[in-house]
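What follows is a single structure, written as C-alpha cells, with notes after it.
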Amino acid sequence: MSVIISPITESLQNFLGQKDYSKIVVLADTNTKKFCYPFIKDSLPKHTLITVKDGEEYKNLTTCEQIWSAMTADELDRHALMINLGGGVIGDMGGFCAATYKRGIDFIQIPTTLLAQVDASVGGKLGIDFQGLKNHLGVFTLPKAVLIDPNFLGTLSGREKRSGFAEIIKHCLIQDGAKWDEIRRKDLNQQDFPDLIAHSVEIKKKVVEQDPTEKGLRKILNFGHTLGHAIETYFLDKGKKRLLHGEAIATGMLCESYISFERKLINEQTLAQIEEFIFSVYGKASMTADDFEAIIRHTQQDKKNKGKEIRFSLINGAGSCLYDIAVSKGEMKRALEYYVN
C-alpha cells in the first residue's frame, strides 16, 4: 500500500501517469465537491463526478445503491478507477462500493479530513453502517494509493480538526509514549500537524502490514473504540447531543483508560494525565447514568467480540497496548461512571 504525503496535484499526476485506466470516476460529498474538488479537477483527465449527501447518516446501503447505479450508468468496466475524495465516510463507503462493483475495481483514497488522513484512509478497512450499527457491513481491500495533502486541513472547521486529533492521541498512547508526552504538553493549536500526520500514518501502516485482516496485533488500533463506537452509535439520533467520531473515541479512550487503571495496567498519574488532556481538548460529553445501559448494550455488536465475551484493547502503560481482553459489564459501567463524575 502506497501512502504519499505531498501536494495533491503532484502526487495525483504522478500516480495517473503510471496507469492506463479505461475510465475515472470521482466520488465526493456535497462539502468536498464544493471545497476540495477544485483542488484536483484540473489535474484529472476526462472523468465523471458522483456526489452524495454529506454525513454519517448517509453511510448506508441506500447511498451505495445510488453510487453503484451511477457507476453502472457510466458503463465502468473492471479497468476503471474510483477516486474517493473526502473524509472517513467517503473513504469507507467509496472503497466498499469499488471493492464490490464487478467484484472489484481499483480505487485510491484522497482523504480531506484530519481523521481520514491519520486513520480511516490507511489500512484497507471499508464498510457501511447497517440497521444503526457502525461499520457492520464491510470488507478488507487495500487502495492502490493513499494521497495525503495537509493543505486540505484548511477546509475544515475547528470541530472537525479536533475530532481527527483523537486518532493521533490514540496512536501515541498505543505505540509511542514519548510522542504522547510531547503532544499532551501543547494546546491543540500548537500541534505540528504535518509531523503528526506522518507519525500516525507510519504507526498505522506498520501495524497493518503485520496484520492486514485484524487477526491479532491490528486490534490495538481499536483502543478507545469499543466504548467509543457504542457511545457514537447511541448518540447518532440524539440531535444536538450527537458526537463526531473523534469526540466519541476521545470519550472512549478515557473510559477505557480507567479500565486499564482498575486492572493495574497504568498508574494513577498516567490516568490523570490522559483525563486532563482529553477534557482540555474535548470538554465533557453530555452523558448521564440513564444512558449507560443502552451504551453497554451496543458493545455487544463490537467486531472484536468472541461469543459472549466483549473484548477490549487496553493500554499497558503509555505507548503500549494489549488486545483481546474480556471486559465485564460491571467494569464498563464503572468506567462510564468515572467519566461522568
Only one of (1) in contact (Cβ under 8 Å) with a residue 12 or more places away in the chain; (2) surrounded by 13 or more Cβ atoms within 10 Å (Cβ to Cβ); (3) closer than 29 Å to residue 183 by Cα; (4) touching a Phe, Trp or Tyr at 6+ places or on another chain (Cβ under 8 Å) is not met by residue 316, so which one is it? (4)
All-but-one check, residue 263 against (1) within 22 Å of residue 339 (Cα to Cα); (2) of a type in the set (D, E, K, R); (3) buried (at least 20 other Cβ atoms within 10 Å of the Cβ); (4) touching a strand residue (DSSP E or B) at 6+ places or on another chain (Cβ under 9 Å), failing number (3)
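Scanning for something hydroxyl-bearing (Ser, Thr, Tyr), open to solvent by 10 Å² or more (accessible area, probe 1.4 Å) and out of contact with any helix residue (DSSP H, G or I) (no Cβ under 9 Å at 6 or more places or on another chain), does region 209-223 turn up at least one residue?
Of region 209-223, the ones hydroxyl-bearing (Ser, Thr, Tyr) are 213.
Right, trim to open to solvent by 10 Å² or more (accessible area, probe 1.4 Å) and you get 213.
In the following step, the residues that additionally are out of contact with any helix residue (DSSP H, G or I) (no Cβ under 9 Å at 6 or more places or on another chain) were identified as 213.
Within region 209-223, one or more residues are hydroxyl-bearing (Ser, Thr, Tyr), open to solvent by 10 Å² or more (accessible area, probe 1.4 Å) and out of contact with any helix residue (DSSP H, G or I) (no Cβ under 9 Å at 6 or more places or on another chain).
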With criteria (1) of a type in the set (A, V, I, L, M, F, W, C); (2) open to solvent by less than 30 Å² (accessible area, probe 1.4 Å); (3) in contact with an Asp or Glu (Cβ under 6 Å, 6 or more places away or on another chain), residue 325 comes up short on (3)
From the list 55, 86, 17, which residue is free of Cβ contacts under 8 Å to residues at least 12 places away in the same chain, among the small types (Gly, Ala, Ser) and farther than 23 Å from residue 213 by Cβ? 17
Just checking, which of 198, 230 is among the small types (Gly, Ala, Ser) and farther than 15 Å from residue 119 by Cα? 230
Members of region 266-275 found to be surrounded by fewer than 19 Cβ atoms within 10 Å (Cβ to Cβ) and either in a loop (DSSP other than H, G, I, E, B) or without any contact (Cβ under 8 Å) to a residue 12 or more places away in the chain (or both), listed by number: 267, 268, 269, 272
Enumeration of residues in region 154-182 that are free of Cβ contacts under 8 Å to residues at least 60 places away in the same chain, among the hydrophobic types (A, V, I, L, M, F, W, C) and open to solvent by less than 20 Å² (accessible area, probe 1.4 Å): 168
Just give me the residues in region 135-153 being more than 19 Å from residue 68 (Cα to Cα) and open to solvent by less than 30 Å² (accessible area, probe 1.4 Å), in sequence order. 145, 146, 147, 148, 149, 152, 153
Among the residues of region 71-104, count how many are aliphatic (A, V, I, L, M), open to solvent by less than 10 Å² (accessible area, probe 1.4 Å) and either part of a loop (DSSP other than H, G, I, E, B) or under 24 Å from residue 149 (Cβ atoms) (or both). 9
Go through (1) at positive phi; (2) crowded, with 23+ Cβ neighbours inside 10 Å one by one and return the number of the condition residue 131 breaks. (2)
Go through 239, 216 for me and flag whichever is free of Cβ contacts under 8 Å to residues at least 24 places away in the same chain, more than 19 Å from residue 118 (Cβ to Cβ) and among the small types (Gly, Ala, Ser). 239
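Residues that are in contact with a strand residue (DSSP E or B) (Cβ under 6 Å, 6 or more places away or on another chain) and either open to solvent by less than 10 Å² (accessible area, probe 1.4 Å) or in contact (Cβ under 8 Å) with a residue 60 or more places away in the chain (or both): does region 32-45 have at least one? Write out each step before concluding.
Of the residues in region 32-45, the ones in contact with a strand residue (DSSP E or B) (Cβ under 6 Å, 6 or more places away or on another chain) are 32-33, 36-37.
Filter once more, so that each one left must be either open to solvent by less than 10 Å² (accessible area, probe 1.4 Å) or in contact (Cβ under 8 Å) with a residue 60 or more places away in the chain (or both): 32, 36.
Looking for residues that are in contact with a strand residue (DSSP E or B) (Cβ under 6 Å, 6 or more places away or on another chain) and either open to solvent by less than 10 Å² (accessible area, probe 1.4 Å) or in contact (Cβ under 8 Å) with a residue 60 or more places away in the chain (or both), one finds at least one in region 32-45, hence yes.
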Can you find even one residue in region 114-127 that is under 21 Å from residue 51 (Cα atoms), open to solvent by less than 10 Å² (accessible area, probe 1.4 Å) and over 12 Å from the mean Cα position of the chain (by Cα)? no
Report, ordered by the first and then the second residue, all pairs with beta carbons closer than 9 Å, sequence separation of six or more or different chains, a first member in region 89-108 that is on the phi > 0 side of the Ramachandran plot, and a second member that is surrounded by fewer than 24 Cβ atoms within 10 Å (Cβ to Cβ) and charged (D, E, K, R). 102/77; 102/78; 103/78; 104/78
I'm checking my understanding of the structure. Among residues of region 1-31 that are more than 24 Å from residue 53 (Cβ to Cβ) and of a type in the set (S, T, N, Q), which one is least open to solvent (accessible area, probe 1.4 Å)? 11
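The values are calculated or read from the model by the stated rules, or taken from the named source; none is laboratory data. Just so it is clear, the structure is predicted and the values come from calculations on it, not from any experiment. Every residue, glycine as well, gets a Cβ built from its backbone with ideal geometry; the counts of neighbours run over all protein chains shown. Areas reflect the complete protein model, heavy atoms only, side chains present, ligands, DNA and RNA absent. Shrake-Rupley method; radii C 1.70, N 1.55, O 1.52, S 1.80 Å.
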